[in-house]
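Computed from the coordinates by the stated procedures, all read-outs in this text should not be read as laboratory data. In this text, all values refer to a predicted model and were calculated from it rather than measured experimentally. Cβ coordinates were reconstructed from backbone atoms using ideal geometry, including for glycine residues, and neighbour counts include every protein chain displayed.
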Amino acid sequence: MGKFKTGSNLLGGISMEGFIVEVFYKKGLFDAFAEDVRKSIEELGIKSIKEVEVRHLYRIDGKIDRKILKKICEEILIDRVSQDFKFYRKSAVEEGWTVEVWFKKGVTDTVAETAERAIKDMGIMVPLKVSTGTKYILKGDLKKEEVKNICIRILANTLIQDYFIKWKK
């Protein structure tokens with residue numbers, strides 16, 4: 001397995017304690033945003049891109065158990081009809097290129113703030129810190145420089161976001 005990391009501050013200064021939740025479309029459902037990203041990559045002249053998967057990420061730090069986290073996911077973070085989720089403690093790397101995009105430390109994350117309020121509204125008074133990001137899984141015969149170009153030109157606004165690239169055979 002090979003790894004390649006880039007970005008000015010990996011995961012935007014987010015600590016590696018807590019859970020990462022991935023929210024994604026259920027199998028068989030069309031993801032228009034992922035298809036739009038794939039077409040944008042082709043428009044850059046990178047014809048070797050085959051498929052793009054997009055997953056919304058929530059980093060939840062604080063003293064929380066899996067049962068409460070599952071309830072938060074089911075009641076707040078997903079649309080039960082079209083989406084599913086998984087959570088884990090350490091970022092999962094998919095085969096090929098995986099890119100995570102997170103807000104830089106100090107940048108307002110309004111979706112995270114809304115999630116924190118919704119968790120409190122559920123009656124969960126444990127202090128939690130939520131951060132949001134996006135995971136892109138790029139499939140195709142891509143080179144490292146092409147992936148860096150995709151990150152800078154399409155996936156991340158480098159003024160307010162950091163990106164983290166991983167590669168796995």
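Each residue in the range 120-155 was checked for being of a type in the set (G, A, S) and touching a Phe, Trp or Tyr at 6+ places or on another chain (Cβ under 7 Å), and 2 pass. Every condition in (1) under 24 Å from F164 (Cβ atoms); (2) in contact (Cβ under 8 Å) with a residue 12 or more places away in the chain; (3) surrounded by fewer than 18 Cβ atoms within 10 Å (Cβ to Cβ) is met by L57 except one, and the failing one is (3). Annotation note: Cβ proximity below 7 Å between a residue of the range 64-78 that is of a type in the set (D, E) and a residue that is surrounded by fewer than 18 Cβ atoms within 10 Å (Cβ to Cβ) (sequence gap 6+ or interchain) occurs for E74/R80; E75/M122.
Is it the case that some residue within the range 162-169 is part of a strand (DSSP E or B), in contact (Cβ under 8 Å) with a residue 24 or more places away in the chain, of a type in the set (S, T, Y) and under 18 Å from F19 (Cα atoms)? No: zero hits.
When residues of the range 124-161 are filtered for being free of Cβ contacts under 8 Å to residues at least 40 places away in the same chain and within 17 Å of D61 (Cα to Cα), how many remain? Total meeting the criteria: 1. The set of residues in the range 88-114 being in a loop (DSSP other than H, G, I, E, B), aliphatic (A, V, I, L, M) and more than 20 Å from G140 (Cβ to Cβ) consists of V107 alone. Filter the range 112-123 down to the residues that are over 25 Å from Y25 (Cβ atoms) and either of a type outside the set (G, A, S) or touching a residue at least 24 places away in the same chain (Cβ under 8 Å) (or both) and list them by number. Those that are over 25 Å from Y25 (Cβ atoms) and either of a type outside the set (G, A, S) or touching a residue at least 24 places away in the same chain (Cβ under 8 Å) (or both): R117, K120, D121.
Taking into account only those residues within the range 19-35 that are free of Cβ contacts under 8 Å to residues at least 24 places away in the same chain, of a type outside the set (F, W, Y) and surrounded by fewer than 13 Cβ atoms within 10 Å (Cβ to Cβ), which is nearest to F87 (Cα to Cα)? Out of the qualifying residues, it is K27. If you take the residues in the range 126-169 that are more than 26 Å from G106 (Cβ to Cβ) and among the hydrophobic types (A, V, I, L, M, F, W, C), which one is surrounded by the most Cβ atoms within 10 Å (Cβ to Cβ)? The selected residue is L138.
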